[in-house]
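I have placed the structure first, in the form of structure tokens, so that the comments after it can refer back to it.
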Amino acid sequence: MRSLLLVTLISAFTTKAANLPIPVTVYADDAYPPYSYVRNGKPLGIYADIFNLAFSRMPNYHVTIVPVPFKRGLRMLETGRGFALYPPYYYANKRAYLDPYSKPVLKEEVAVYCDSKYVSNLDERIVWPDDYFGLTIGINESFEIGGDQFWKARDEGNIKVEPAKDNRENILKLRAGRTHCYVNDKLSILWELKELKRLGLIEKDTEFKLAINVSSEHGYLAYTAISKERYPYKADFVETLDKIILEMQNNGEIEMITQKYRD
């Protein structure tokens, strides 16, 4: 009997080992530099650096990061065709198809930048969103930033919201006067503005004014709540990655990675 039990245990262990590492695909926003973007088909940015390091410490999994338009990534998780996506923010009672979220990875600062040529008295516009009524605000497609009052003002016709596919398109629209202001993460706006100047796509003396800081948000890796039977490894993956993220935060690795993009 002991011999049979030993053979069974060895067989189970061998079978499990033979199936490792488990192949996993994680999707990434392809147009949110410097946090998450794509170049020559390769996922780049702060989150890519963080997650590539984290995934390298998960020997039971072989993780491939695939950049996609953010809207498409959300749709894939909504239908269960995708397992995980970074870096959505967490908003209670929204996107119920995302569950769970990882431990918070990065703190981002949501701000509004405006072109003072088209918007007067920016120094007096200190209440968001009330002091921006009548303006057209640019935003990235499928982003839900800005706060509930901002979206209520949109619904009531007090503010016009003009989506564009990415940071670059939004900044070019702002520069052309097609929008008055742009709401997004502060570092992301400044990074793209610098890149546009470097590429000669915008005048080097172009400056936008920081009008108001809206909120602080955290970016996450979010998982699909759909088709759990399709991802039997989900619970272990979530738990393992969360532990690694906390370790990376506590030992300063995430801050060191982020600082490289601020310099």
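The values are calculated or read from the model by the stated rules, or taken from the named source; none is laboratory data. Since this is a predicted model, take the numbers as computed values, not measurements. Cβ atoms come from the backbone with ideal geometry, glycine included; neighbour counts cover every protein chain shown.
Could you grab me the full set of residues in the range 215-263 that are touching a residue at least 12 places away in the same chain (Cβ under 8 Å), within 30 Å of TRP128 (Cα to Cα) and either of a type in the set (D, E, K, R) or in contact with a strand residue (DSSP E or B) (Cβ under 7 Å, 6 or more places away or on another chain) (or both)? Residues satisfying the conditions are SER215, SER216, GLU217, HIS218, GLY219, TYR220, LEU221, ALA222, THR258, ARG262. Kindly indicate the residue of the range 102-118 that is surrounded by fewer than 19 Cβ atoms within 10 Å (Cβ to Cβ) and either among the β-branched types (Val, Ile, Thr) or out of contact with any Lys or Arg (no Cβ under 8 Å at 6 or more places or on another chain) (or both) and also farthest from LEU174 (Cα to Cα) among those meeting that condition. Among those residues, the one meeting the criterion is LYS103.
Looking across TYR220, TYR261, one residue alone is modelled with pLDDT under 95 and either at negative phi or outside the structural domain of TYR118 (by TED's automatic domain parsing) (or both). It is TYR261. Hey, among the residues in the range 142-190 that are assigned to a helix (DSSP H, G or I) and among the small types (Gly, Ala, Ser), which one's farthest from TYR261 (Cα to Cα)? Among residues in the range 142-190 that are assigned to a helix (DSSP H, G or I) and among the small types (Gly, Ala, Ser), the one farthest from TYR261 (Cα to Cα) is ALA153.
Is the range 171-189 home to any residue that is without any contact (Cβ under 8 Å) to a residue 12 or more places away in the chain and not hydrophobic (A, V, I, L, M, F, W, C)? The answer is no; no qualifying residue exists.
Kindly indicate whether any position in the range 149-159 is more than 24 Å from LEU221 (Cβ to Cβ) and touching a Ser or Thr at 6+ places or on another chain (Cβ under 9 Å). Taking every residue of the range 149-159 in turn, at least one turns out to be more than 24 Å from LEU221 (Cβ to Cβ) and touching a Ser or Thr at 6+ places or on another chain (Cβ under 9 Å).
Considering LEU193, LEU199, the condition of being under 29 Å from ARG72 (Cβ atoms) and more than 22 Å from the chain's Cα centre (by Cα) is satisfied by LEU199 alone. All conditions in (1) part of a loop (DSSP other than H, G, I, E, B); (2) under 20 Å from LEU196 (Cα atoms) hold for MET58, with the sole exception of (2).
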